[in-house]
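The values are calculated or read from the model by the stated rules, or taken from the named source; none is laboratory data. Everything numeric here is computed off the predicted structure, so don't read it as measured data. Note: ideal-geometry Cβ built from the backbone for every residue, glycine included; neighbour counts use all protein chains shown. The accessibility values were calculated without ligands, DNA or RNA, using every heavy atom of the protein model including side chains. Shrake-Rupley method; radii C 1.70, N 1.55, O 1.52, S 1.80 Å.
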Amino acid sequence: MTAVTSTGDRQFSHRRRTKGPRRPRLALTVLLLGALYCLTPVAWVVIASSKTSRELFTTFSFAPGSGLLDNLAALGAYGGGQFWKWGLNSLLYAGLGAVLSTLVSAMAGYALAKFRFRGRQVLFSAILAGVLIPGIVLAVPQYLLLASVGLAGTHWSVLLPVIINPFGIFLCRVFAVASVPESTLEAARLDGAGELRIFTTIVLPMMMQGLVTVFLLQFVGIWNNFLLPFIMLSDQDKYPITLGLYTFLGKGAGDGDLYSLVITGSAVAVIPLIILVLVLQRFWRADLLAGGLKG
């Protein structure tokens, strides 16, 4: 009986050893394929931005060209530097909008997590429902609302709709529940601290890693947003980069030279997002380190 059991254990251990390494290799293969799928279009845009209009249509897709500097110069000079105006507009919309949205999400998420009031669960359920509603459904009603108060066509027509972010509020509520102890709040209240002081000096630092995530997601979402500016804005001087490149693409149907400018502009438009991720990643590393020390 003992010999049979030992033989069975050895066979089970052998199967576990032979099957175990396959799972990491399979997961690694899936991740590499996913990375290849995501990075191939980015690589094509970067390489295509180095080509002249002629090279763009006559050479191999992933063969580097010789017109990168000329494309950058033409992009900056087109329309009296209109592309850089669009870039500044995108920084305004994404930067200010993400900061305000993160602050509002932090306050709302903290209140939903730590305060008890009538209708809290109903309000949270409504916020979760808002996460499921596509932005395209709200764009036209938002335009009609802002047009009725005379804000359509202004910078505020793009900024105001992005301040309330249901998904950001949901994430901040999760972060507040996980990172802000009730005992700390009670101790601060016993020491005589007001709710505003508690929020600004205790809650915000404790939620900082989560707020960085919310800020980054909202910044990227606003930076890449096309539909809302397309509906709200009519003045090209107020366009963000996404809408400006769309106008380039529309004009490119009659002028083939503009295709290289569109691709170069798309490559340049990715640079701020890359810089932002590189700057903010230290917060995620600090959060992972803190989690490892706690464990």
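Mean residue ellipticity at 222 nm, helices only, the chain: -24000 deg cm²/dmol; runs of at least 4 DSSP H residues each add -39,500 (n - 2.57), and the sum is divided by the number of residues. Hydrophobic, long helices, defined as DSSP H runs whose alpha-carbon span along the helix axis is 27 Å or greater and whose mean Kyte-Doolittle value is at least 0.5, occur in the chain at 22-48, 258-294. Within the P(r) computed for the chain, what percentage of the Cα pairs occupies the region above 38 Å? Within the chain, distances greater than 38 Å cover 34 percent of Cα pairs.
Across the accessible surface of the chain, with the other protein chains kept in place and a 1.4 Å probe, carbon and sulfur atoms take up 70 percent. Among the lysines of the chain, pairs at least eight places apart or on separate chains and with Cα atoms under 29 Å apart come to 6.
Mind listing which trypsin sites (Lys or Arg not before Pro) in the stretch 34-117 are in a DSSP loop and have 10 or fewer other Cβ atoms within 10 Å? Passing sites in the stretch 34-117 are 116. Looking at the chain, the accessible area is 59 square angstrom per residue; that uses a 1.4 Å probe and ignores ligands, DNA and RNA.
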